[in-house]
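Just below is one structure, and these are the notes that go with it.
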Amino acid sequence: MTPLALAREQMVTLGKSMFDRGLTPGASANISIKVEEGFLMTPTGSCIGFLDAETLSLLDENGNLISGDKPSKEFILHKAMYDQRPDAGAVIHLHSTWSTALSCKADLNPDDVIPPLTPYLIMRLGRIGLVPYFPPGAAELGAAVREKAAAHAGILMANHGPIVSGKDLITAMFNMEELEESAKLMLLLEGKNVNPLAESDRQELLARFG
Ligand SMILES: O=C(CO)COP(=O)(O)O
Ligand SMILES: [Zn+2]
């Protein structure tokens with residue numbers, strides 16, 4: 001199997017896994033994988049639970065369509081992540097419930113949205129960033145993500161949802177799941193007497209795994 005054929009198969013399989021586990025509703029979300037030709041991307045309007053390996057959008061490195069259906073309107077977000085994070089091999093954007101709920105809250109720290117509650121988010125994604133609201137597909141949203149992406153592999157887009165990168169698609173998926181669980185913990189613990197990790201513990205985790 002060629003690397004491109006493998007990427008197609010993995011996008012279909014992991015997209016279905018995320019959809020089947022309720023991580024994103026309806027025809028929300030988009031996924032991309034860096035490939036030799038450029039990028040493999042989910043087509044606009046597609047449901048990630050029912051992707052067709054043959055109609056996925058294949059783009060060159062500038063985003064021009066080589067083959068397949070019309071790509072996601074959010075390609076600019078994915079491209080911003082790849083440009084700013086040379087190690088990124090895949091990018092996922094979902095409308096997952098807890099991260100999206102968190103993205104709607106006021107008074108978040110745009111460079112550190114989620115407090116250090118448990119080690120794994122810190123180990124996988126470090127600090128989570130936040131960009132202001134702009135409409136889906138807007139150039140301003142792409143520019144805002146581009147500005148944050150060098151410092152953050154996980155970003156919440158206000159009143160919209162999360163976007164994460166990873167060295168490959170399975171890593172990006174695990175990163176997204178950790179972000180979603182951490183957003184859930186943060187919201188479940190709101191108003192409770194929480195004992196967060198010490199900043200020194202977070203620094204140690206960032207130094208070892210960040
Ligand atoms: O999540 C989405 C918009 O933010 C879905 O858009 P696409 O269907 O164009 O990928
Ligand atoms: Zn979206």
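Yes/no matrix, rows are residues, columns are (1) open to solvent by 20 Å² or more (accessible area, probe 1.4 Å); (2) of a type in the set (Ser, Thr, Tyr); (3) modelled with pLDDT of 95 or more:
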| residue | (1), (2), (3) |
| --- | --- |
| 3 | yes, no, yes |
| 11 | no, no, yes |
| 21 | yes, no, yes |
| 34 | yes, no, yes |
| 55 | yes, yes, yes |
| 69 | yes, no, yes |
| 78 | no, no, yes |
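Where residues in the stretch 158-180 are closer than 20 Å to residue 76 by Cα and more than 16 Å from ligand 2 (Cβ to nearest atom), which of them is most open to solvent (accessible area, probe 1.4 Å)? It comes out as 167.
Residues that are open to solvent by less than 10 Å² (accessible area, probe 1.4 Å), more than 14 Å from ligand 2 (Cβ to nearest atom) and part of a loop (DSSP other than H, G, I, E, B): does the stretch 123-131 have at least one? Among the residues of the stretch 123-131, at least one is open to solvent by less than 10 Å² (accessible area, probe 1.4 Å), more than 14 Å from ligand 2 (Cβ to nearest atom) and part of a loop (DSSP other than H, G, I, E, B), which makes the answer yes. The residue that is nearest to residue 33 (Cα to Cα), among those in the stretch 151-177 that are among the small types (Gly, Ala, Ser) and within 13 Å of ligand 1 (Cβ to nearest atom), is 161.
The set of residues in the stretch 133-149 being under 19 Å from residue 114 (Cβ atoms) and surrounded by fewer than 15 Cβ atoms within 10 Å (Cβ to Cβ) consists of 133 alone.
A residue that is part of a strand (DSSP E or B), within 16 Å of ligand 1 (Cβ to nearest atom) and free of Cβ contacts under 8 Å to residues at least 60 places away in the same chain can be found somewhere in the stretch 64-83.
The values are calculated or read from the model by the stated rules, or taken from the named source; none is laboratory data. Since the structure is predicted, the reported quantities are computational estimates derived from the model, not experimental observations. No Cβ is skipped: glycine too gets one built from the backbone with ideal geometry, and neighbour counts run over all protein chains shown. The protein model used for the area step is the full one, side chains on, heavy atoms only, and it has no ligands, DNA or RNA in it. Shrake-Rupley method; radii C 1.70, N 1.55, O 1.52, S 1.80 Å.
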